1. Does the range 65-95 hold any residues that are under 24 Å from I208 (Cβ atoms) and either surrounded by fewer than 19 Cβ atoms within 10 Å (Cβ to Cβ) or among the charged types (D, E, K, R) (or both), and which are they?
2. Tell me which residues, restricted to the range 144-165, are in contact (Cβ under 8 Å) with a residue 40 or more places away in the chain, touching a strand residue (DSSP E or B) at 6+ places or on another chain (Cβ under 6 Å) and in a loop (DSSP other than H, G, I, E, B).
3. Within the range 130-143, is even one residue assigned by TED's automatic domain parsing to the domain that holds N352, assigned to a loop (DSSP other than H, G, I, E, B), crowded, with 16+ Cβ neighbours inside 10 Å and polar (S, T, N, Q)?
4. Say whether the condition of being out of contact with any strand residue (DSSP E or B) (no Cβ under 8 Å at 6 or more places or on another chain), without any contact (Cβ under 8 Å) to a residue 40 or more places away in the chain, under 25 Å from S384 (Cβ atoms) and in the same structural domain as G159 (by TED's automatic domain parsing) is met by at least one residue in the range 245-262.
5. If I go through the range 303-353 residue by residue, how many of them are hydroxyl-bearing (S, T, Y), in contact (Cβ under 8 Å) with a residue 60 or more places away in the chain and under 26 Å from G363 (Cβ atoms)?
6. Could you list, in sequence order, the residues of the range 181-192 that are more than 24 Å from the chain's Cα centre (by Cα) and of a type in the set (G, A, S)?
7. Hey, could you check the range 181-231 for residues that are in a loop (DSSP other than H, G, I, E, B) and β-branched (V, I, T) and say which is farthest from N91 (Cα to Cα)?
Amino acid sequence: MRILVCCLAFAVAAAAQSPIVLKAARLFDGKADALVSPGLVVVADGKILAVGANAKIPADAQVIDLGDATLLPGFMDAHTHVTSPYNADWNAATVDGLRKTVAEQALDAAEEARKTLIAGFTTIRDVGSSDYLDVGLRNAIRSGKAVGPRMLVSVHAIGSTGGHCDADAGYRAGVFGRETGPEMGVINGAEEARRAVRLNLKYGADVIKTCATGGVLSLADEVDTPQLTQEELNALVDETHALRKKAAAHAHGATGAKRAIRAGIDSIEHGSFLDDEALDMMKAKGTVFVPTLMAGWWLDQMIEKGTYFPPAIVVKARQAIASISQVTQKAIAKGVVIALGTDAGVEPHGLNAKEFELLVKLGMKPVEALRAGTSVDAELFGLSKTLGTLETGKIADVVAVPGDPLKDITVTQKVSFVMKEGIVYKRPGK
């Protein structure tokens with residue numbers, strides 16, 4: 001709580017100092033193929049007034065000179081579970097989920113959100129929560145009661161009975177004393193898919209998340225099996241788009257992914273076993289790929305260290321880890337649109353920027369990786385008119401990293417300055 005109060009006080013103090021001029025050796029605007037030097041951004045009232053070395057500096061401006069650094073748009077993460085605090089101990093995490101009150105879980109989530117913002121991520125999607133923790137946290141951040149990134153939330157992830165999105169799957173029948181249905185995101189049939197979408201939006205969802213295939217960390221399914229019919233996915237996506245929202249599909253296996261792509265899904269998340277046909281379909285339709293490389297990278301380390309996971313999950317994890325790198329390399333080579341997402345919660349929150357490095361290791365140019373976590377994500381989120389690039393009139397979400405990220409992409413993991421909506425949350429030495 002002390003950290004949160006201090007952070008809030010710092011943010012309020014910074015907000016009172018307007019306009020602000022940010023100076024650095026370089027600038028990446030979120031869309032160009034190169035950096036601009038020197039970097040300069042003028043901010044007032046939460047918006048960007050001017051960008052570029054020739055920008056007029058107001059006489060009463062506070063100047064923040066960041067030195068040998070690069071200014072960039074606030075980073076974005078398309079796939080997080082910020083309302084699911086990380087716990088390396090599988091059994092302890094399971095017990096925590098059953099024993100902790102919703103209030104305590106909400107406080108835990110607020111701390112994870114703070115870590116994410118301080119790591120430079122000013123906008124995220126939270127794709128699957130419970131007890132409306134995501135809606136509550138989003139609203140608390142929006143109203144200034146909590147510190148964290150701007151959140152787009154999905155309420156309940158929507159999937160089939162016994163599938164990856166069924167929270168009761170893998171437990172003894174009746175242990176929770178309830179029947180799962182569309183109210184909890186569990187559907188059977190096209191009409192229930194529509195009802196689940198409507199319920200999620202009724203209770204505050206910004207984006208619809210569905211599980212088109214099995215998953216790695218669920219107990220009752222195989223990782224690549226399709227879990228929704230074509231008719232169910234058609235109805236889900238149609239209803240989502242009719243209500244002017246976007247839909248994301250958790251999909252490891254190619255068959256389920258192709259059903260989602262045919263239905264018009266906006267993004268495929270994970271995609272561990274996508275085949276050439278699926279990737280070609282995505283390229284043709286403009287479906288965005290969010291490979292969440294961080295999840296496999298982290299699980300691989302944990303398994304090698306001997307961290308306990310149920311044996312069935314270890315088998316699935318190793319299968320996915322062995323395949324995702326090759327799939328991502330193919331997607332890059334084919335020109336599939338790739339957005340940055342991490343699956344944070346599978347790994348600790350606040351490490352999100354490692355995804356930039358993992359994308360570059362698989363063949364993305366550093367500038368393409370930076371766009372994936374800024375302007376491409378903004379387009380996927382439907383926020384490109386106000387966020388994702390450093391341009392006059394846009395919301396002042398700005399981060400700085402030491403040195404030149406085009407020469408060393410790992411500097412994105414060393415964010416030294418964070419501004420969200422014109423408020424400074426982190427600066428060098430603080």
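1. The one that is under 24 Å from I208 (Cβ atoms) and either surrounded by fewer than 19 Cβ atoms within 10 Å (Cβ to Cβ) or among the charged types (D, E, K, R) (or both): D77.
2. P149, S154, A157, G163, H164, C165
3. First pass over the range 130-143, keeping only residues assigned by TED's automatic domain parsing to the domain that holds N352: 130-143.
Okay, now just the ones that are also assigned to a loop (DSSP other than H, G, I, E, B), so 130-132, 143.
Pick out the ones that are also crowded, with 16+ Cβ neighbours inside 10 Å and you get 130, 132.
Next, from what is left, pick out any that are polar (S, T, N, Q): 130.
So far as the range 130-143 goes, yes, one or more of its residues are assigned by TED's automatic domain parsing to the domain that holds N352, assigned to a loop (DSSP other than H, G, I, E, B), crowded, with 16+ Cβ neighbours inside 10 Å and polar (S, T, N, Q).
4. First pass over the range 245-262, keeping only residues out of contact with any strand residue (DSSP E or B) (no Cβ under 8 Å at 6 or more places or on another chain): 258, 262.
Those left that are additionally without any contact (Cβ under 8 Å) to a residue 40 or more places away in the chain: 258, 262.
Filter once more, keeping what is under 25 Å from S384 (Cβ atoms): none.
Scanning the range 245-262 turns up no residue that is out of contact with any strand residue (DSSP E or B) (no Cβ under 8 Å at 6 or more places or on another chain), without any contact (Cβ under 8 Å) to a residue 40 or more places away in the chain, under 25 Å from S384 (Cβ atoms) and in the same structural domain as G159 (by TED's automatic domain parsing).
5. Of the range 303-353, the ones hydroxyl-bearing (S, T, Y) are 307-308, 323, 325, 328, 342.
Filter once more, keeping what is in contact (Cβ under 8 Å) with a residue 60 or more places away in the chain: 307-308, 342.
Next, from what is left, pick out any that are under 26 Å from G363 (Cβ atoms): 342.
Count: 1.
6. Those that are more than 24 Å from the chain's Cα centre (by Cα) and of a type in the set (G, A, S): G181, G189, A190.
7. Taking the range 181-231 as the starting set, the residues that turn out to be in a loop (DSSP other than H, G, I, E, B) are 181, 185, 188-189, 203-206, 212, 214-225, 227-229.
Checking the rest, the ones that are also β-branched (V, I, T) come to 216, 223, 225, 229.
Details: V216: 16, V223: 21, T225: 26, T229: 33 Å.
Looking at the filtered set, the residue picked out is T229.
To keep it simple, each residue is scored yes or no on (1) crowded, with 24+ Cβ neighbours inside 10 Å; (2) hydrophobic (A, V, I, L, M, F, W, C).
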site	(1), (2)
T213	yes, no
H250	yes, no
A254	no, yes
A260	yes, yes
E277	no, no
G296	yes, no
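The values are calculated or read from the model by the stated rules, or taken from the named source; none is laboratory data. What you are looking at is a predicted structure, and each value in this text was computed from that prediction instead of being measured. Neighbour counts are summed over all protein chains in view; Cβ atoms, including those assigned to glycine, are modelled from backbone coordinates with ideal geometry.
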